[in-house]
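First comes the structure, then the notes that go with it.
We did not get these values from a lab; they are worked out from the coordinates using the rules stated. From a predicted model like this one, the values you see are computed outputs, not experimental measurements. Every residue, glycine as well, gets a Cβ built from its backbone with ideal geometry; the counts of neighbours run over all protein chains shown.
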Amino acid sequence: MISRREIKTHLNTPPRFDDMFLSLMAAPRLPKAMVKEIRRVVAIARKFNHSVVRPYALELDRKMQENPGFLPWDFVEKANEWGFYTMWIPKIFGGKGYSMPSLSYFMEEIGSACLAMANLIGVHYLGLASLSAAWNMKIMKRLCADVVDGEASRTPCLISLAITEPGAGTDVEEIELADRGNITCHAERVAGGYKLNGTKIFISNGHLSKWHIVIAYADLKKPSETTVSLAVKTGTPGFSFGRKERKMGQKGCPASELIFKDCFVPDELVLIDADQMSGFKRPVRESAMQMIHYVTAGTRAGVAAFAAGAARGAFEEALAFASQTRVEDKLLINHEWAQCLLAEMYKNYALSRLSYIESNYANGLYGSFRELQKKPMYYYYKLTPAGWLRKMFSSLMEKPAMTRIYRKMQMDGQTDAEILRTSGWGSLAKFAATDLGIKNCHLALEMMGQAGLRQDRRVEKILRDAKLLQIYEGTNQLNRLNLFNCLIAPDYPQAVVFDE
Amino acid sequence: MIPGQDKELRLLDRASAEFAKKELRPAREENDKYPFGPFFDAVLEKAYSLDFFNLMLPEAQGGMGRGIQSLCVILYNLCQEDASLGGIIFTHAASQQVLLSAGAESLLKPTAADTAKTSLIAFPSFNNPGEVEPAVTAYKNSGGHLLSGSVEYLVLGGIAAKALIPARIEGKPGYSFFLTDLSHPGIQKSQPVLSLGLHACPAVDITLQKVNATLVGAEGGGDRYFNAMADQMHLAAAAMAAGIMKGSFKEAFDYCKAREQGGRKIINWSEMKMILADMALRVKCAEMMISRACLSADRREKGWEPCARAANLWVCAAACGLTTDGIQLLGGVGYMKDFGQEKRFRDAAQVQSLLGIARMKKIKFIEAMMR
Ligand SMILES: Cc1cc2nc3c(=O)[nH]c(=O)nc-3n(C[C@H](O)[C@H](O)[C@H](O)COP(=O)(O)OP(=O)(O)OC[C@H]3O[C@@H](n4cnc5c(N)ncnc54)[C@H](O)[C@@H]3O)c2cc1C
């Protein structure tokens, strides 16, 4: 009826089978133990919500309104005590080695109770994702060791990502725009390292982090070809904190200004620069964009998981209200319109979840999760005692050859189609879920009337918190354009993006 | 809002727009800190001295005897800069309208010695007592009535001298309104309730124990008076939402003309134009809709009530969507306190709940048409 060649042709005709049915392709390849692991992670998150997040979320929000200068070290210390800052660090680096997709499920749970607290944990992994995108094994080992030590010594060591600048937000998320923008964070090559000058703004967890992955540029006229990724430690001479933003929501999670004035970063903390990128199979400019895709494909799915949490939190509050409140002498939950509205809200949060799960599948098949999700690797790392692994790999990590091998595998090993598929799905999940998150908050308010307006009923806080999700990790507009660029435009050679 | 040719209305339009720019805009962020910052007493008193509070009160009662259009013009202008003062004026006007529809105007005579604080009447203006049953019971005693129970989210309850409270009279159907003195020793007030928006239009929860109160109008007439008030005041809430929309649009428009990304002003990216166009369209439609509905209401044209309610439902929903975009167009800075956008986003969602649960207002709207 149909030949093999025909099958291939038909499935490669847009919309391509491989772009569409990620879960179908991924499910049979999943290690079985991952399901058990995710169940465990969700249970841990729920326990943490019950004992730490819920009892403190409203109080922290209130505290921040009263005293915007407060830094939530108390919460960060608790999260550190529970082991959350090392839970998703691979065992070879001393972490607990939980699989990356399980982080999203965890984030949805925490996000459903408090998005600020979810961010206080989740942004650390944005920092780690940016750290690992350079595949500089020696520096990864060093920073991860700091995080692990921080857990043991009860002095939390968090990692932030600093890319946004006062004049460039969208422009630093897309290489096409970078060269036309007003980028000012300069990394000047000097003997033994880089001299960093410039300002980064809105950096989540900035004031709380010990390490900052800073993206700067060696030539401000050609940022796209001179991206430099640096690890900068708090306390480094020439680096200081500026203002702490006064935000509408997610108040518990600081957004900081980072100021660099002739800040010297030695070579041993240079994660990657154009020289090193020139060893990749793609031109430097494309490699720089690949790194952005590589990170955001995973972290945007993470934002979608936060958003699923927000959509769910709003639903849960509306449901609780409807089941306790009499309206026109009848419990609200027994008004048909309310039942349909609750069903709509349930659908919204379920769809948000499906979007991040699908995006995670893309990353498992073609992106940053691929390596550790292959069954043999997964079980090898899972079953081998952590001490052995560290012993085996510790000195290897110091060798430049390891960095070269990993870069070859991770960067050169990804095809263009795979880069676009993972990034496109990351964007889809991000803007779909975050729009639904806001939608559910508005629907909850429409149902709850004056009760919804009170901070002590939580929905108003969820609305304030959730709005940020439509903005960071690239605005939802940029993410729509990225989806177009990645999943639609490739089949239309006449389509040009960012050039109207 | 379109003030038309009415001279007095044009004066009010100008005066309120100027007041908003001079008195509200510069201190918007400071005033929004309440209850963690000081309350804007001085601004409130200034607004009171300009007669913004007694616009719709008949001249015989010492008011200006204006219609709903005048109130809407003022609220529209004020809320472009800061909707909290609008919330205070709204709540006070709602109390006045309930008293007027109950024929209790004698309880409403402002005197020259009055200040805003002595004359304001607190009111649970985000609740329709016909939907969510009042938790206060009134008992008859020799001098009048005694109230016991609790009221959630009594707007202005922490700053006003009097309150208009819905309560059930023991053994009687429906509910009734009572005017009571908030300094009565039987009243316990909470701290200001921390809320989504309109921070400087604060609310408190109160409990009452055997508090003397004066019945307003007839026993069991509460629903009738509330609805008569709401018919008009739906337009006032819509005008507040429209003002917030206008303020959000203006701020976004100006920002997009100044901010550059990708080597050009962001207003020159066509997706930005598209969003701005959607915002501008909604502002224009809201302005036209409210202006027309006000005219209809003030002339008491046949069927003016559903027009007012339709305007409220459409404009308030549009304001929630528009102010979400209003932040979005500013990117990260839109989320910060430095610009007014985040406040407008919160205020719009708050205003949507004035006079009761938004979805129930829709049900009421269609049920009225079915009758
Ligand atoms: C609370 C908070 C926390 C944050 N945390 C971090 C962090 O930890 N690390 C970090 O590096 N950054 C962080 N950010 C920054 C965030 O990623 C940026 O705010 C975001 O990328 C948008 O950039 P911008 O704010 O400069 O907006 P702009 O880029 O100036 O955008 C303004 C508007 O223009 C639109 N626009 C811009 N360019 C185009 C175009 N080409 N086509 C169409 N529309 C366009 C945008 O969609 C937006 O609507 C955070 C931001 C906030 C608010």
Chain B: angle of helix B:68-81 to the longest principal axis, Cα-based, in degrees nearest 10 | 50
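For a quick check of your reading of the filter: which GluC sites (Glu not before Pro) in segment B:243-343 sit in a DSSP loop and have no more than 13 other Cβ atoms within 10 Å? Each step should come with its number before you reach the end.
Working: sites: B:E251, B:E260, B:E271, B:E287, B:E301, B:E342; in loops: B:E301.
When the GluC sites (Glu not before Pro) of segment B:243-343 are filtered for loop state and at most 13 Cβ neighbours within 10 Å, B:E301 remain.
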What's the center-to-center distance, using Cα atoms, between segment B:180-220 and segment B:280-298 in Å?
-> 34
Any idea how far apart B:N141 and A:R243 come out in nm if each label point goes 7 Å out from Cα toward Cβ?
-> 5.5
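Residues with beta-carbon under 13 Å from that of A:L478, excluding A:L478: net charge, scoring Lys, Arg +1 and Asp, Glu -1? Before the final figure, lay out each step's value.
On the way: positive: A:R300, A:K430, A:R480; negative: A:D171, A:E173, A:E174, A:E176, A:E473, B:E271.
Summing Lys and Arg as +1 and Asp and Glu as -1 gives -3.
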Of B:L107, B:L24, B:L179, the most mobile residue in a GNM of chain B (C-alpha springs, cutoff 10 Å) is B:L107
Gain in length, A:W73 to A:E59, computed as 0.36 nm per residue apart minus the alpha-carbon separation, to one decimal in nm?
-> 3.6 nm
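Does segment A:26-158 classify as rounded, prolate or oblate by the C-alpha gyration tensor (a ≥ b ≥ c root eigenvalues; a/c under 1.5 gives rounded; else a/b over b/c gives prolate, otherwise oblate)?
oblate
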Taking the Cα-to-Cβ direction at A:C340 and at A:L354 and moving 7 Å from each Cα, how far apart do the two end points lie in nm?
-> 2.1
Exposure proxy check on A:I92, A:I215: fewest-to-most Cβ neighbours within 10 Å is A:I92, A:I215
Kindly put B:S16, B:S270, B:S101 in sequence by how many other C-beta atoms sit within 10 Å of each C-beta, fewest to most.
-> B:S270, B:S101, B:S16
May I ask you to sort B:E105, A:E108, A:E6 by Cβ crowding, counting other Cβ atoms within 10 Å and putting the fewest first?
-> A:E6, B:E105, A:E108
With label points built 7 Å along Cα→Cβ from the Cα atoms of A:E398 and A:V42, find their separation and express it in nm.
-> 4.4
Using the charge dipole of the protein assembly as shown (Lys, Arg: +1 at Cβ; Asp, Glu: -1 at Cβ; taken about the Cα centre), state which of A:L428, B:L100, B:G222 has its Cα farthest towards the positive end.
-> A:L428
Kirkwood calc, segment B:8-121, C-alpha pairs only, radius in angstrom 14.4
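Ordered by packing density, taken as the mean number of other Cβ atoms within 10 Å over each peptide's residues, highest first, how do A:38-50, A:456-468, B:80-92 rank? Let's see the in-between values first.
Working: A:38-50: 16.4, A:456-468: 26.2, B:80-92: 28.5.
Going from most to least packed, we get B:80-92, A:456-468, A:38-50.
What is the average number of partner chain Cβ atoms found within 10 Å of a Cβ in B:330-341?
Values: counts 2, 10, 13, 6, 5, 14, 6, 5, 2, 0, 0, 1.
Shielding by partners across B:330-341 averages 5.
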Built amide H within the under 5 Å cut-off of B:G158, gap 5+ = B:V204
Three principal axis lengths of the protein assembly as shown [C-alpha, angstrom, descending] | 93, 70, 52
Can you give me the Cα centroid spacing of segment B:94-163 and segment B:6-28 in angstrom?
-> 28
Of A:K347/B:K364; A:K141/A:K374; A:K244/A:K467; A:K63/B:K337; A:K138/A:K281; A:K47/A:K467, which pairs sit farther than 24 Å apart, going by alpha carbon to alpha carbon?
-> A:K347/B:K364; A:K47/A:K467
Each residue of A:436-445 has, on average, a number of other protein chain C-beta atoms within 10 Å of its C-beta equal to 3
Just order B:130-137, A:417-424 by mean Cβ neighbour count inside 10 Å, highest at the front, would you?
-> A:417-424, B:130-137
Shape call, segment A:160-274: gyration tensor on alpha carbons, a/c limit 1.5 | oblate
Theoretical FRET efficiency, 1/(1+(r/R0)^6), r = Cβ-Cβ of B:I2 and B:A218, R0 35 Å, to 0.05 = 0.35
Local electrostatic count, B:A318, Cβ distance below 12 Å [Lys/Arg +1, Asp/Glu -1] = 0
Between B:G247, B:V211, B:L154, whose Cα lies farthest towards the positive end of the dipole of segment B:135-288 when Lys and Arg beta carbons carry +1 and Asp and Glu beta carbons carry -1, centred on the Cα centre?
-> B:G247
Return the whole-Å distance between the Cα centroid of segment A:90-112 and the Cα centroid of segment A:210-268.
-> 25
Can you give the average number of partner chain beta-carbon atoms within 10 Å of each beta-carbon in peptide A:146-156, as a whole number?
-> 0
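May I ask you to derive the FRET efficiency for A:D456 and A:Y381 from their Cβ-Cβ distance with R0 = 60 Å, giving the value to the nearest 0.05? Mind dumping the intermediate values first?
Details: r = 45 Å, r/R0 = 0.75.
Efficiency for this residue pair is about 0.85.
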